1. Tell me the residue from LEU607, LEU577, LEU573 that is outside any strand (DSSP E or B), in contact with a Ser or Thr (Cβ under 9 Å, 6 or more places away or on another chain) and modelled with pLDDT under 90, please.
2. In this structure, is LEU534 over 37 Å from the mean Cα position of the chain (by Cα), at pLDDT 90 or above and not hydroxyl-bearing (Ser, Thr, Tyr)?
3. With respect to ARG205, determine if the residue is within 40 Å of the chain's Cα centre (by Cα), on the phi < 0 side of the Ramachandran plot and touching a residue at least 60 places away in the same chain (Cβ under 8 Å).
4. Return a yes/no flag: does region 291-312 have any residue that is among the β-branched types (Val, Ile, Thr) and closer than 22 Å to GLU324 by Cα.
5. Report, by residue number, each residue of region 143-163 that is basic (Lys, Arg) and assigned to a strand (DSSP E or B).
6. Tell me, yes or no, whether region 119-142 has at least one residue that is of a type in the set (Ser, Thr, Tyr), part of a loop (DSSP other than H, G, I, E, B) and either free of Cβ contacts under 8 Å to residues at least 60 places away in the same chain or out of contact with any strand residue (DSSP E or B) (no Cβ under 6 Å at 6 or more places or on another chain) (or both).
7. Out of all the residues in region 76-91, which are farther than 18 Å from GLN189 by Cβ and either free of Cβ contacts under 8 Å to residues at least 40 places away in the same chain or surrounded by fewer than 17 Cβ atoms within 10 Å (Cβ to Cβ) (or both)?
8. Taking the condition touching a Gly at 6+ places or on another chain (Cβ under 6 Å) and modelled with pLDDT of 95 or more, does ARG153 pass?
Amino acid sequence: MWLQQRLKGLPGLLSSSWARRLLCLLGLLVLLLWFASSGARRAAGGLHLPSWARSEPGAAEPSACLEAATRAWRGLRDRGEAVPLGPGVPALVANGFLALDASNNRLWVTPGEREPAVTPDFVPFVQLRPLNVVAEAGEAVLLLREGLLRRVRCLQLGTPGSGPAAGVPGPASASGLSAGSGRDCVLLQEDFLAHRGRPHVYLQRIQLNNPTERVAALQTVGPTAGPVPKSFTSTLEKVGDHQFLLYSGRSTPLPSGLVHLVVVTSKKLVNRLQVAPKTQLDETVLWVVHISGPIHPQVLKSKGAKELKALQDLARKEMLELLEMPASELLQNHQYLWAQLFSPGVEMKRITDAHTPSGLTVNLTLYYMLSCSPAPLLSPSLSHREREQMEATLNYEDHCFSGHATMHAENLWPGQLSSVQQILQLADLWKLTLQKRGCKGLVKVGAPGILQGMVLSFGGLQFTENHLQFQADPEVLHNSYALHGIRYKNDHINLAVLVDAEGKPYLHVSLESRGQPVKIYACEAGCLHDPVELTSEPGGHTFSVMVTQPITPLLYISTDLTHLQDLRHTLHLKAILAHDEHMAQQDPGLPFLFWFSVASLITLFHLFLFKLIYNEYCGPGAKPLFRSKARLSGKAVLGPQEQAADGGRSEFLMMGEPVETWVGKQCGEVLPSSQLLTSYIEKEDPSV
């Protein structure tokens with residue numbers, strides 16, 4: 001009965017507008033919930049959810065493997081020691097004689113110091129093509145402190161019988177594991193480098209870790225397995241237990257018509273690399289490259305064979321020497337020499353403007369310049385006498401670096417480089433700049449001297465006959481940075497520009513003793529205070545930033561104490577100010593645009609005010625400035641007869657005072673406005 005009554009009242013309930021709206025809203029919510037649940041059901045069917053969310057194997061395996069393999073790179077990236085490859089970061093590995101682009105698989109060879117780089121028609125690296133792989137993830141990074149490029153690839157193997165590796169015998173055929181097993185990720189790591197101590201050698205290290213139950217197979221494609229380049233011929237050389245390939249050819253003719261003979265020896269590598277289940281592979285492929293000087297085509301016919309044989313003999317000899325060495329020893333030697341070479345540098349701590357290069361840009365530029373510069377001082381074939389001469393040149397207090405600092409020279413510290421050719425051009429520009437700024441001796445030494453000159457130029461440091469001076473512009477000291485490993489005598493000096501809690505810059509100097517200790521002293525601008533002896537204490541020494549008039553260097557460092565004490569008497573300064581006082585004098589206050597805006601606003605305000613006053617008193621419909629006495633009601637005014645009877649005593653009132661007020665003052669009493677004029681007339685002329 002109750003339900004029947006409610007059903008009978010339902011049409012009446014739905015007749016109201018609010019009930020219909022509520023019913024439509026509930027229906028819309030039901031539809032939205034149904035669509036959302038159906039979408040979740042479709043996703044659960046395996047279309048969109050990652051494998052880890054379905055507890056089923058899938059394509060997320062390689063990415064998870066890659067994340068674990070590259071986790072150690074995060075700290076290196078934060079310290080600016082590792083740079084992921086991408087736009088603006090060419091994959092260059094070089095040693096001053098050889099330059100290799102690992103991404104495009106190209107080779108450059110520099111025949112001489114002042115000769116342009118030659119590009120032989122030769123594929124430098126071995127390409128690895130995984131077999132029977134269903135998914136892959138990879139990443140590559142430049143390790144700046146190790147001088148190499150590392151590429152990591154995570155491979156997910158497919159089901160046996162579905163790829164070229166199906167015919168390979170082994171436990172994989174009997175395991176029958178599904179394609180998505182969590183144990184199917186194979187880690188492939190490749191290291192590409194041009195050896196720092198051996199200018200004619202470059203290598204590729206291949207490491208494969210196979211934790212799966214199957215055989216992992218890689219097909220090798222490159223100069224040792226693929227077709228021979230058109231401009232090169234190859235022969236298989238066998239010496240004892242060693243086998244290697246010998247490639248002979250010539251470079252592309254230069255615009256002048258000259259050509260170079262090129263000889264490459266390469267360790268022989270099989271066409272297919274196979275790694276058994278639960279095992280690892282570590283293979284290092286070596287190359288040796290020798291090139292002749294420029295040869296005229298006519299001379300090539302008569303003397304080409306003799307020149308080519310000499311190059312082949314050199315390449316054979318060095319290859320046999322390398323094959324006798326453990327590959328791990330060769331790699332460790334390169335890493336040690338590169339770390340020793342890269343010990344000086346620039347560290348960016350705080351950047352407050354857009355024109356200062358970032359720490360990543362600085363480190364990447366230093367890496368590229370070291371890669372493109374030869375280092376004869378590190379060569380094992382260097383004689384003892386030649387080594388002493390180069391060491392003396394490197395430690396000589398030349399007049400490097402003269403001129404202003406290069407910190408804000410964007411063409412010397414570019415944010416992006418698109419190709420290896422641009423890097424080679426940048427290296428030539430740096431060498432030319434250093435030579436023109438008093439660093440010829442450092443450039444002659446090679447990579448260590450060029451790095452020294454770049455560090456000096458960044459902060460504006462200059463060697464003179466008696467001291468090392470820091471002549472940075474006082475107006476750019478709001479950036480914090482540190483210069484490491486500056487050679488001075490037998491020691492290394494570290495100089496940092498830091499900012500305290502109040503925003504005031506100061507200098508921090510520390511010393512690293514190398515060999516026999518030498519006393520080194522320092523004093524700030526003007527040497528107003530006694531010089532301080534620098535020691536190798538961990539805390540170092542701090543100096544306040546003083547600015548002289550006229551401007552002189554901010555810091556002096558010397559081994560001659562008397563020389564620094566005499567400087568205060570020979571600089572002839574007008575004043576010595578603290579940095580904040582100097583900046584206060586240089587700062588003109590608020591910018592011109594601010595004062596121009598304020599003056600414009602004041603002028604516009606007065607013009608607007610003048611316009612209001614003009615429209616009020618002089619514009620159309622304006623009230624007269626003076627008017628005669630009149631009744632407030634406006635019903636009667638003094639006509640000509642009343643004015644004559646008044647005897648000329650009527651006066652005009654100023655508009656600034658209301659008529660009622662003026663009349664009330666004259667009558668001496670406060671009356672209603674309708675009686676003001678009558679009362680005033682009676683007071684003035686009782687006869688009215």
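The values are calculated or read from the model by the stated rules, or taken from the named source; none is laboratory data. Since this is a predicted model, take the numbers as computed values, not measurements. Heads up, the Cβs are rebuilt from the backbone with ideal geometry, glycines too, and the neighbour counts pull from every protein chain shown.
1. LEU573
2. Answer is no for this residue.
3. When the stated conditions are applied, ARG205 passes them.
4. no
5. ARG150, ARG151, ARG153
6. Just the residues of region 119-142 that are of a type in the set (Ser, Thr, Tyr), to begin with: 119.
If we keep only those that are part of a loop (DSSP other than H, G, I, E, B) too, we end up with 119.
Going one step further and asking which of them are either free of Cβ contacts under 8 Å to residues at least 60 places away in the same chain or out of contact with any strand residue (DSSP E or B) (no Cβ under 6 Å at 6 or more places or on another chain) (or both), we end up with none.
Among the residues of region 119-142, not one is of a type in the set (Ser, Thr, Tyr), part of a loop (DSSP other than H, G, I, E, B) and either free of Cβ contacts under 8 Å to residues at least 60 places away in the same chain or out of contact with any strand residue (DSSP E or B) (no Cβ under 6 Å at 6 or more places or on another chain) (or both), which makes the answer no.
7. Of everything in region 76-91, those that are farther than 18 Å from GLN189 by Cβ and either free of Cβ contacts under 8 Å to residues at least 40 places away in the same chain or surrounded by fewer than 17 Cβ atoms within 10 Å (Cβ to Cβ) (or both) turn out to be ASP78, ARG79, GLY86, PRO87, GLY88.
8. yes
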